[in-house]
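J.: Have a look at the structure that comes next, please.
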Amino acid sequence: MKLFGRLRARFSPEARLKWGLALQEKGDHAAAFAEFSAAAREGLVQARFLVGRAYLDGEGVVPDPIEGARWLIRAAEAGWVEACFPLARLYLAGLPGSVTQESLSLSTHERKFTDKPDYERAVFWGRKAAENGDPSAQALFGYILAAAPEGLGDQEEALTWYRRSAEANCPQGCFGLAIESLRTAKTSAERAEAVPFLLRAAESGIGMAQYLLGAMYERGVGVERDIPRATSLYALAAEAGIRSAQARYGLALVEGRGVERNGIRGESWLRRAALAGDREAAAFLGDINARGGDLPPNYIEAANWYRLAADKGHTTAARALGLLYLTGTGVVRDAEEAAHWFRAASEMGDEAGTTDFGNLLLHGVGTEEDRQHIREHYEQAAESGNLVGAFNFGVCLAEGLGTDRNERAAVTWMRRAADGVVNAQYWYGLMLLEGRGTEIQREEGRVWLGKAAEAGMIDAQLAYARLLVEGIGGPEDHSGALTMYIRAAEAGSVPAMFSLGAMYGGGHEVEKDTSLARKWFAAAAEAGHPVAQLMMARYCAQGIAGEVDREAALIWYRKSEAQGIVQASAELSQLDLLPELSFEEEDEAVTLS
């Protein structure tokens, strides 16, 4: 009997639990789990808890959160309070509401979280853990109450539990209290009250606290603005794996903001953030590769990053990718693909993308459904009083985009938009001059084109200058036209460069200057203007405002001829007779662009 009693004591649940703890201490988790399981089956509550923890942590057994939860529930229901905290976390993470025997019919890899929090059970177990006095459990319960839907959550009670946890100097409690304080703060002083708690959380290594504190220092919210300190906090949060911090720190390194500039390290952090799903980082990498810097532009790489950002809903990246497809830069030129990304940008609320999409539709790209959609979008914007929307809706009506052509209605919307939109001033001016949707009003049309020209619109400057030269809608004003052409040419307009050459070449009410004429003809010719190339051939052949250069003349004649200028072919065939020819009179009669 004595031997049986000793054996019974040796294999009692208490003894097996004690032996399992000893084995766990030695690192023999598999053997420890076997002892815990035996004790748990005998009903020992602490053993149930330890079996549940082993399943959750994968110590001595294949990880299984469902099985782990079942054992934790058994322990908690039997009064083991330590089981309540991990249970609350499990239900917050999305543990199925019914952890029953049926779950055991699934294989281990099929037992998954639902990704949908069960707030009812999280609140139930979280409250029990918090009321037991554990500061970490109090912080968790505060979070559950703050995040739970109406009827289960309670912002005021959440603040109370955060405060209790923070008073115990729990970093998570400090962080939660800071977040709740910032959420309700309305003044700078109220935001400043959250800073000490955020500092305590950041100093304890909570990455998100470091990131938020960095953002506050960067913007000067609740603290004195301090870019170097913000960057150092971003660096800590980046190392802690906070994606947004990796993006901000990478950007700081690239731009040298609060830290010594290091483009290579900066791009490395941006890449980590982008590949982790940060769309801002991906978009910025697209910008870096598109514009170049330390290295030449890499448009293929830019397109890849823009696509990654656009797929995640970044509006300007979607538009940038559309522009690459429109121009065939870094990707195969594809107007339909460009329209796809412009449409995406438009649907995300990007007005520039909407405009680009509309312009493509005007050129026949896209479907009739697309055209109707964009017309409806513009119409709604116009009727709400948006002047840009009024202009775009006017274009739709004038061109029959997504609706029947209606120039009378179009000119009405253009007039409304002209009060604040330069493009509308240009369109309205042209419609008045041409009598589209209204009677011809040349004087009024000239006024509106003049407004658009003065605002810097190149097409308007060219059109207005022509009106001034020809005296349409008012008196001739060659000097004013010259000013307009100069503005447009200096902004890069090739037709304006050619027109300046023509005006300075003679035959207009401005002082003739063949040197300036040659300069502007040369600029236009270099840019591919076919008639300017013809003029340069004549200037070189005759030595006008320079030495005779037959080789250069031959080159320019051939370039002009290749673009279909018949006169270039005729004069090229007589190049040997050029000393006997004079083009002075023809120079004075060159038609302006």
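J.: From the backbone phi of the range 365-375, what are the Karplus-calculated ³J(HN,Hα) couplings (6.51 cos²θ - 1.76 cosθ + 1.60, θ = phi - 60°) in whole Hz, Gly and Pro given as x?
T.: 7, x, 9, 5, 4, 4, 5, 5, 4, 5, 5
J.: Let me check I've understood the local charge: for Val259, count other residues with C-beta under 12 angstrom from its C-beta, Lys and Arg +1, Asp and Glu -1. What total comes out?
T.: +3
J.: Follow-up. Determine the order of Ser384, Ser499 by accessible area, beginning with the largest, at a probe radius of 1.4 Å. Could the numbers behind the result be given before it?
T.: Numbers: Ser384 90, Ser499 0 Å².
Largest accessible area first, the residues go Ser384, Ser499.
J.: In percent, how large is the relative contact order of the chain, given Cα pairs closer than 8 Å and 6 or more residues apart? Walk me through the intermediate numbers first.
T.: Details: 1018 pairs, mean separation 21.3, N = 593.
4 percent.
J.: Still on this structure, I have one more. Per-residue accessible area for Tyr299 at 1.4 Å probe radius, Å² rounded to 10?
T.: Surface open to solvent at Tyr299 totals about 90 Å².
J.: Here's a follow-up. Could you check how much of the accessible area of the chain is carbon and sulfur, as a whole percent, using a 1.4 Å probe?
T.: On the way: 14510 of 29400 Å².
Here it works out to 49 percent.
J.: Something else: Does anyone have the angle between helix 45-57 and the longest principal axis of the chain? Alpha-carbon axes, 0 to 90°, nearest 10?
T.: Taking the Cα atoms of the chain, the angle to 45-57 is about 30 degrees.
J.: Now for a separate question. Against the longest alpha carbon principal axis of the chain, how many degrees, from 0 to 90 and to the nearest 10, is the axis of helix 550-562 turned?
T.: Result, in degrees: 70.
J.: While we're on this one: Under 28 Å from the Cα of Lys116, which lysines turn up, not counting those fewer than eight places away in the same chain?
T.: The reachable lysines, counting only those whose Cα sits under 28 Å from Lys116, are Lys128, Lys312.
J.: Here's another thing I want to ask about it. Taking a quarter of the surface of the convex hull around the Cα atoms of the range 239-284, what do you get in nm²? Don't skip to the end; give the middle numbers.
T.: Working: hull surface 10.8 nm².
The directionally averaged projection comes out at 2.7 nm².
J.: Can you put Asp134, Asp419 in order of accessible area, largest first, using a 1.4 Å probe?
T.: Working: Asp134 60, Asp419 110 Å².
Greatest to least solvent exposure: Asp419, Asp134.
J.: Here are several values of mean projected area of the Cα convex hull in nm²: (i) 41.6; (ii) 44.8; (iii) 58.1. Which one was derived from the coordinates shown?
T.: Computed from the coordinates, mean projected area of the Cα convex hull in nm² corresponds to (i).
J.: Enter the angle in degrees (range 0 to 90, nearest 10) between the Cα long axis of helix 155-167 and the first principal axis of the Cα atoms of the chain, meaning the one along which they spread out most.
T.: 70 degrees
J.: Moving on. What does the charge count near Ala139 come to, summing +1 for each Lys or Arg and -1 for each Asp or Glu among other residues with Cβ under 12 Å from its Cβ?
T.: Values: positive: Arg89, Arg163, Arg164; negative: Asp134, Glu167, Glu180.
With Lys, Arg at +1 and Asp, Glu at -1, the net is 0.
J.: Give, as a single signed number, the net charge of other residues whose beta carbon lies under 12 Å from the beta carbon of Gly58, with Lys and Arg counted +1 and Asp and Glu -1. Could you put the intermediate results ahead of the total?
T.: Working: positive: Arg53; negative: Asp57, Glu59, Asp64, Glu67.
Here the count lands on -3.
J.: Now for a different question. Would you check the accessible area of Asp226, probe 1.4 Å, heavy atoms only, in square angstrom rounded to 10?
T.: 60 Å²
J.: Further question on the same structure: With every protein chain present, what is the per residue accessible area of the chain (1.4 Å probe, Å²)? Please report the intermediate quantities before stating the final value.
T.: On the way: 29400 Å² over 593 residues.
On a per-residue basis, 50 Å².
J.: Right, here's the next one. What's the FRET efficiency of Thr184 with Glu301 using the Cβ-Cβ distance as r and R₀ = 56 Å, to the nearest 0.05? Let's see the in-between values first.
T.: On the way: r = 44 Å, r/R0 = 0.79.
About 0.80, to the nearest 0.05.
J.: For the chain, give the magnitude of the charge dipole about the Cα centre (Cβ charges: +1 Lys/Arg, -1 Asp/Glu; no others), in debye to the nearest 20. Intermediate results must be reported in sequence, preceding the final value.
T.: Details: 61 positive and 83 negative charges, 811 e Å.
Charge dipole, the chain, about its Cα centre: 3900 debye, nearest 20.
J.: Using only DSSP helix segments of four residues or longer, with each worth -39500 (n - 2.57), what per-residue ellipticity at 222 nm results for the chain after dividing by its residue count and rounding to 500? If you can, show how the numbers build up before the last one.
T.: On the way: 33 runs with 411 residues, N = 593.
Dividing the helical sum by the residues of the chain leaves -21500 deg cm²/dmol.
J.: Follow-up. Just flag the GluC sites (Glu not before Pro) in the range 434-535 sitting in loop per DSSP whose Cβ has no more than 14 other Cβ atoms within 10 Å.
T.: Numbers: sites: Glu434, Glu439, Glu443, Glu444, Glu454, Glu470, Glu476, Glu490, Glu509, Glu511, Glu526; in loops: Glu439, Glu476, Glu509, Glu511.
Here the GluC sites (Glu not before Pro) that fit, given the DSSP loop and packing criteria, are Glu439, Glu509, Glu511.
J.: What order do Ile179, Ile264, Ile440 take when sorted by accessible area (1.4 Å probe), most exposed first?
T.: Values: Ile179 55, Ile264 145, Ile440 90 Å².
My answer, sorted largest first, is Ile264, Ile440, Ile179.
The values are calculated or read from the model by the stated rules, or taken from the named source; none is laboratory data. No experiment lies behind these values; they were computed from the predicted model shown. Glycine gets a Cβ as well: all are built from the backbone with ideal geometry, and neighbour counts include every protein chain shown. The accessibility values were calculated without ligands, DNA or RNA, using every heavy atom of the protein model including side chains. Shrake-Rupley method; radii C 1.70, N 1.55, O 1.52, S 1.80 Å.
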